[in-house]
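Shown next, in structure tokens, is the structure this report addresses.
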Amino acid sequence: MHEFKYRNNQLYCENVLVGKLAKTFGTPLYVYSYHTLIDHYLKLKSAFSEINPLICYSVKANSNLSILKALIAQGAGLDIVSGGELFRAQKAACPPQRIVYASVGKTDKEISSAIARGILFFNVESLAELKNINRIAKGLNKITRVAIRINPDVEAKTHKYISTGKITNKFGIDLASAYKILLLRVKFKHLNICGLHIHIGSQITQSAPFVEAIKKVADFIQRLKNNGLALEYLNIGGGLGIIYDREDPQTAEIYANEIIPLLKKTGLKIIMEPGRFILGNAGILVVKVLYIKHTPKKKFIIVDGGMNDLIRPALYNAYHQIVPLSRRVGELEKVDVVGPICESGDFLAKERLMAKVKEGDYLAVMSAGAYGFSMSSNYNSRLRAAEVMVAKNKALVIRKRESAQDLVRNEVMVNNFTKR
């Protein structure tokens with residue numbers, strides 16, 4: 001599953017002692033296993049080899065340039081959702097024909113830049129957006145490709161904040177409206193409406209919601225064919241769940257066996273957009289115990305990493321396993337693991353049974369590779385963490401720790417607002 005293992009009761013990432021990384025680079029610290037992230041990508045590629053999909057890694061999961069570069073080198077494309085992510089894709093030298101661009105709120109500048117770059121296509125979320133892309137493409141004297149994002153009205157059975165396939169969500173276009181748009185696609189002179197896109201949510205552990213959504217879209221594609229409306233691509237999005245606690249998610253192979261027969265019937269080129277599946281278990285957040293605090297009701301383990309470093313527990317009440325870098329045998333105790341941020345919502349774990357730790361110990365917050373650093377912030381003017389990639393017995397810094405100067409780099413201090 002991943003390359004974070006204990007040897008002689010010490011936690012290693014591949015062949016490197018994580019405790020040594022913590023002392024060398026300081027904490028909070030994100031540590032990634034190169035072998036794990038590549039292995040997870042290749043598992044997906046192998047499982048779906050029969051239909052040879054374009055696997056576009058979801059940049060929002062973790063946008064570090066070294067991670068993007070590593071996946072691109074293995075043949076991955078990129079799923080982007082902003083102009084900033086397009087810039088990152090360019091910096092990582094991703095071929096434009098391997099870039100797909102989602103997001104419900106693309107600006108004119110972002111659309112223009114992506115058209116100029118020659119990306120594979122936009123995933124379009126509304127009729128208004130479709131009209132706007134057509135207008136911008138006309139102004140640039142270009143014809144650009146787009147896929148209509150379908151909202152299949154399927155319950156993804158995940159946290160409501162990361163469910164995106166219900167008709168009450170802001171994402172996508174219902175089937176009836178999409179059909180009307182496709183009937184009128186010749187009116188969009190500067191668009192090549194060449195595909196459909198679905199993405200029903202994230203951290204989905206079972207195949208049933210995917211199967212339901214794909215069946216709906218496959219029936220829709222057949223209806224289009226019967227009316228002479230041919231398409232080239234079907235983008236099935238991402239959303240594959242991983243193990244954080246006691247989940248039993250489907251493997252890439254099981255997922256492939258369930259949906260490949262449905263996908264083959266469409267006759268379309270398949271695109272996938274995994275993020276968490278590739279990076280989630282490939283990274284950890286290492287923190288240091290600052291204080292042990294006892295109250296009449298609770299015992300708090302106060303660490304130097306908080307919700308600004310990993311917001312998932314505060315935002316989603318998400319569970320992350322937390323383990324000591326030096327494993328000890330002993331009685332378990334119930335504790336809250338909390339950070340230094342001035343918010344009661346700043347916690348990494350609540351009411352968690354853990355072996356006793358002492359001040360100065362290091363802990364690893366597991367399965368933090370996806371939506372960890374990418375959602376981090378400078379709240380409370382805290383410096384964002386460093387990131388390190390481990391490959392076998394080598395550890396390379398792939399993001400330096402921020403400095404105090406970085407916090408104010410783009411600010412302008414006005415001394416007198418009333419003086420003219």
Could you please rank Phe220, Phe87, placing first whichever residue has the fewest other Cβ atoms within 10 Å of its Cβ?
Phe87, Phe220
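In deg cm²/dmol and to the nearest 500, what is the mean residue ellipticity at 222 nm of the chain if only DSSP H runs of at least 4 residues count, each as -39500 (n - 2.57), divided by the residue total?
-8500 deg cm²/dmol
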Whole angstrom only: what separates the Cα centroid of region 187-212 from the Cα centroid of region 249-301?
20 Å
Work out, step by step, the length gained on full extension between Lys91 and Asp108: first 0.36 nm times the residue separation, then minus their alpha carbon distance; give nm to one decimal.
4.0 nm
How far apart, in nm, are two points set 7 Å out from the Cα along the Cα-to-Cβ line at Asp174 and at Leu353?
4.8 nm
Placing +1 on the Cβ of each Lys and Arg and -1 on the Cβ of each Asp and Glu in region 63-274, which of Phe188, Phe121, Gly77 has its Cα farthest towards the positive end of the resulting dipole?
Phe188
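Among all helices in the chain defined by DSSP H, which have a length of 24 Å or more along the axis from Cα atoms plus a Kyte-Doolittle mean of at least 0.0? Don't skip to the answer; put the middle values down first.
Numbers: long enough: 208-226 (27 Å, 0.02).
Passing helices, by number: 208-226.
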Which order do the peptides 107-113, 118-124 take when ranked by the mean count of other beta-carbon atoms within 10 Å per residue, highest first?
118-124, 107-113
Stretched fully, the stretch from Glu232 through Asp219 gains (0.36 nm per residue minus C-alpha distance, one decimal, in nm) 3.1 nm
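All of the numbers you see were taken from the coordinates with simple rules; none came from a lab. These numbers were taken from a predicted model, which means no experiment stands behind them. Cβ: placed from backbone, ideal geometry, glycine included. Neighbour counts: every protein chain shown.
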